[in-house]
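Below you'll find the structure, written out as structure tokens, and then a few comments.
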Amino acid sequence: MDNKQWIFGRHPVLEALQAGQAIEKVYLQQGTRGDFEKELRRICRSQEVPLTVIPKEKINWMVKGNHQGVVALQGVAIYQKLENILPFLYEQGKIPLLLLLDGVTDTRNFGAIARSAELFGVHAIVLPGKSSAGLTPDALKTSAGALSRIPVCRVKSMVSTIEYLQNSGVTVFASDLSGEKSLPKLDMKGPVALVLGSEGDGISKGVAKAADERFYIPQLGDLNSLNVSVAAGIMLYESMRQRT
């Protein structure tokens, strides 16, 4: 793999985290114990950076060099706090339009979704901390630079985030093949968060239950679903049409 995407070695990884650099994920070698492991877990937890324990063989495949059992995948931007963005939007007199991605893992899909989000006026994209594509160089490239212009937030719990949004006056609509209402019948003129599920499984049960409404995209063909980035473009175009 390309070493340019990675920071490796105990001191370089800790220093990058302590300096607040954009770090997408940290991988720790299985069996690592002691003060370093405790400090690494502490700082990853405080900065909400996912940490995964993997075998030595996998780290050896990731990077070529003296990794000392730890590597960090560099990001292209710092994740922002949704709790800072939403009040700011209200203060600016804007009507929030947010996009929640519940487990989109393919980097190219994420980049394409971000490109549509930037074009159609989304104010922020929200991702879960685990099982999700993130702010990597490949995602930035696929997004045609959109990920450098639109805020991206990483949260611990999508369900808790939905509850926070609802308590803040945002209506949450989740895309679901078994949804009760078709996309054009949604009222998206007010503060809205649109939720898209993973490429294979769609939205999770918790998210489906927490959302205000579940909707489907009308179709004429026999295939049962659209590519997730195509679905995002259709949803966001409809939201722009209504809001403008």
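The values are calculated or read from the model by the stated rules, or taken from the named source; none is laboratory data. Here the structure is a predicted model, which means the values were calculated and not measured. No Cβ is skipped: glycine too gets one built from the backbone with ideal geometry, and neighbour counts run over all protein chains shown. For the accessible areas, the whole protein counts, side chains as well, though only heavy atoms, and no ligand, DNA or RNA atoms are used. Shrake-Rupley method; radii C 1.70, N 1.55, O 1.52, S 1.80 Å.
What ranking of L40, L226 comes out by heavy-atom accessible area, probe 1.4 Å, highest first?
Highest to lowest solvent-accessible surface, that is L226, L40.
Roughly how many Å² of L28 are accessible to a 1.4 Å probe, to the nearest 10?
The accessible area of L28 comes to roughly 0 Å².
Computed over the Cα atoms of the stretch 116-193, what is the convex hull's projected area averaged over all directions, in nm²? Each step should come with its number before you reach the end.
Details: hull surface 25.2 nm².
Seen from a random direction, the Cα hull of the stretch 116-193 projects 6.3 nm² on average.
Can you classify the stretch 158-244 as rounded, prolate or oblate using the Cα gyration tensor, where a ≥ b ≥ c are the square roots of its eigenvalues, rounded means a/c under 1.5, and otherwise it's prolate if a/b beats b/c and oblate if not?
Since a/c reaches 1.5 but b/c is at least a/b, the shape of the stretch 158-244 is classed as oblate.
Average the reciprocal distances over every distinct pair of alpha-carbons in the stretch 1-115, invert the result, and give the Kirkwood radius in Å.
16.1
E91 to R41: extension gain in nm, 0.36 nm per residue of separation minus the Cα-Cα distance?
Additional length available on full extension: 14.4 nm.
Count the net charge of all other residues whose Cβ sits under 12 Å from the Cβ of S143, scoring Lys and Arg as +1 and Asp and Glu as -1.
Values: positive: R108, R115, K141, R149; negative: E118, D138.
The answer is +2.
Quick check of the Kirkwood formula: for the stretch 97-147, what is the inverse mean of 1/r over all pairs of different Cα atoms, in Å?
It works out to 10.6 Å.
Along the principal axes of its C-alpha atoms, what lengths does the stretch 199-244 span, in descending order and rounded to whole Å?
So the three principal-axis extents are 32, 28, 17 Å.
Contact order normalised by length for the stretch 1-97, with contacts defined as Cα pairs under 8 Å and 6 or more residues apart; what percent is it?
Once normalised by length, the contact order is 42 percent.
Quick check for you: with a 1.4 Å probe and neighbouring chains kept, what is the accessible area per residue of the stretch 156-230, in Å²? Mind showing how you got there, number by number?
Numbers: 4160 Å² over 75 residues.
Here the per-residue accessible area is 55 Å².
For the chain, which whole percent of the accessible surface, found with a 1.4 angstrom probe, sits on carbon and sulfur atoms? Show your work: numbers first, answer last.
Values: 6140 of 12390 Å².
After summing per-atom areas, the C and S share lands at 50 percent.
Keeping all protein chains in place, calculate the accessible area per residue for the stretch 21-105 (probe 1.4 angstrom), answer in Å². Write down the numbers at each step before the final one.
Details: 4440 Å² over 85 residues.
About 52 Å² of surface per residue is accessible.
Express the relative contact order of the chain as a whole percentage, based on alpha carbon pairs under 8 Å and six or more residues apart in sequence.
Here the relative contact order equals 19 percent.
Pairs of alpha-carbon atoms within less than 8 angstrom and 6+ residues apart define the contacts here; what relative contact order does the stretch 129-211 have, in percent?
Across the stretch 129-211, relative contact order equals 28 percent.
Just from the alpha-carbon atoms, what are the Rg and Dmax of the stretch 94-244 in angstroms?
Expressed in Å, the Cα Rg and Dmax of the stretch 94-244 come to 14.0, 39.
Using a Gaussian network model on the chain with a 10 Å cutoff between Cα atoms, which of L194, L99, L51 fluctuates the most?
Most flexible of the set in this elastic network: L51.
Kindly state, to the nearest 0.05, the FRET efficiency for T244 paired with W61, given R0 = 51 Å and r defined as their beta-carbon distance.
0.60
Counting other C-beta atoms within 10 Å, and keeping those with at most 16, which DSSP coil GluC sites (Glu not before Pro) do you find in the stretch 61-128? Before the final figure, lay out each step's value.
Values: sites: E83, E91, E118; in loops: none.
Sparse-neighbourhood loop GluC sites (Glu not before Pro): none present.
What are the extents of the Cα atoms of the stretch 52-94 along their three principal axes, listed from largest to smallest and rounded to whole Å?
Between the extreme Cα coordinates on each principal axis of the stretch 52-94 lie 52, 18, 13 Å.
May I have the count of lysine pairs in the stretch 36-133 with C-alpha atoms under 22 Å apart, counting pairs 8 or more residues apart or located on different chains?
The number of close lysine pairs in the stretch 36-133 is 8.
Sort out for me the Cα centre separation of the stretch 63-78 from the stretch 157-214, rounded to whole Å.
35
Identify the residues of the stretch 201-218 with backbone N under 17 Å of a label point that sits 7 angstrom from the Cα of I234 along the Cα-to-Cβ direction, or state none.
Flagged as within label range: 201-203, 214-218.
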